[in-house]
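Asks: Let me give you the structure first, and then I'll get to my questions.
The values are calculated or read from the model by the stated rules, or taken from the named source; none is laboratory data. What you see is a predicted model; the values in this text were computed from it and never measured. Glycine also receives a Cβ, built like all others from the backbone with ideal geometry; neighbour counts cover every protein chain displayed. Just the protein is used for accessible areas: all its heavy atoms, side chains included, with ligands, DNA and RNA removed. Shrake-Rupley method; radii C 1.70, N 1.55, O 1.52, S 1.80 Å.
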Amino acid sequence: MKFEKILEKHYAKLNELDHQIAAFILSHKAEISNLSIVELAEKSFTSKSSIFRFVQKLGFSGYSEFKYLIQWDNHNNQTSSVISIEHVGHQLVNILNKTKQTDLPKLYDKIYNSQRIYLLSTGLSQQLQAQVLQRNFLKMGISMSLIPLDIGTHLTSAVIEKLEPEDLLIIFSFSGENHAVKEVLAIPLLKKIPIISITNTSQNWLSNHSFFNISTYIEDSDETHFTSSFIHNIIDFITFEFEQYLKEKMSARLK
């Protein structure tokens, strides 16, 4: 069974620290089979005991058994599609360059000036991406509230219905065509709530109804590539850029 499927199966058992570990593994699967439990703990900013508890929650007897699954996972991925590290690096550079070419100051202004910011996700990978964004921005003093993973709950509906135009809704979605998202956004769209969407495809229903869209879609002459792992790189990039934005704001005030 693939790691992602096991993660989904045991997601209810996981705490915030487990989510942090899972997010790191999803973004660095190719490296994991070469890392000791201590090295993984250091790279994910957790501890050896946290990693051990995490793999046990997923049903493994220990870290070695967990690594075997990751090795098998990686081998299957390489067998189905052999992509060089150089090619992946090239794609990532293209995606970041494309992100730079968007009107990022417009994005940062909206985040900075919003009264309240809410994060909504449509799947497990997207939930982990949203949590990374939430943690990164909290370190800069920007609070973002995470709406529950199950977007069909009464709590989600209650939060969505109370959104005002001064608020901001950031949505993580793979395809941007999720039927439940279309339903839950009916009232926010009527109220003209600003929406920032982060998707793996560029042209979709959600991006077309967003104030701002970020995607990992890159098309070249040979094939089209899009992968959710690049979203984590984009989040890190936006975090760094927004930190510079805040420093410039502070400098302007002091003049």
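Asks: Out of the total accessible area of the range 3-78 (probe 1.4 Å, heavy atoms of protein only), what percent is carbon and sulfur?
Replies: Solvent-exposed carbon and sulfur of the range 3-78 make up 53 percent of the total.
Asks: Starting from the Cα-Cα distance between residue 102 and residue 53, subtract it from 0.36 nm times their residue separation and give me the gain in nm to one decimal.
Replies: Computed gain between residue 102 and residue 53 is 13.5 nm.
Asks: Something else: Which entries of 139/249; 182/247; 106/191; 48/249; 106/139 have Cα-Cα distances beyond 28 Å here?
Replies: With Cα atoms farther than 28 Å apart: 182/247; 48/249.
Asks: Along the Cα→Cβ direction, 7 angstrom out, place labels at residue 113 and residue 45. What is the inter-label distance in nm?
Replies: If labels sit at residue 113 and residue 45, their model points lie 3.0 nm apart.
Asks: What's the percent breakdown of Cα-Cα distances in the range 3-78 across 5 Å bins, shortest bin first?
Replies: 3, 16, 31, 31, 15, 3, 0
Asks: So how far apart, in nm, are the two label points at residue 186 and residue 30 if each is 7 Å from Cα heading toward Cβ?
Replies: Using points 7 Å along Cα→Cβ, the separation is 4.5 nm.
Asks: In the structure displayed, which of 5/110; 13/67; 29/110; 5/29 lie more than 24 Å apart, Cα to Cα?
Replies: 5/110; 29/110
Asks: Continuing with this model, one more query. Give me the distance in nm between label points sitting 7 Å out from Cα along the Cα-to-Cβ direction at residue 253 and residue 17, one decimal.
Replies: For the pair residue 253/residue 17, the computed spacing is 3.5 nm.
Asks: Report the full-extension gain for the segment residue 146 to residue 38: residue separation times 0.36 nm, less the Cα-Cα distance, to one decimal in nm.
Replies: 35.8 nm
Asks: Taking Cα centroids, how far is the range 12-50 from the range 162-215 in Å?
Replies: Comparing the Cα centres of the range 12-50 and the range 162-215, I get a distance of 30 Å.
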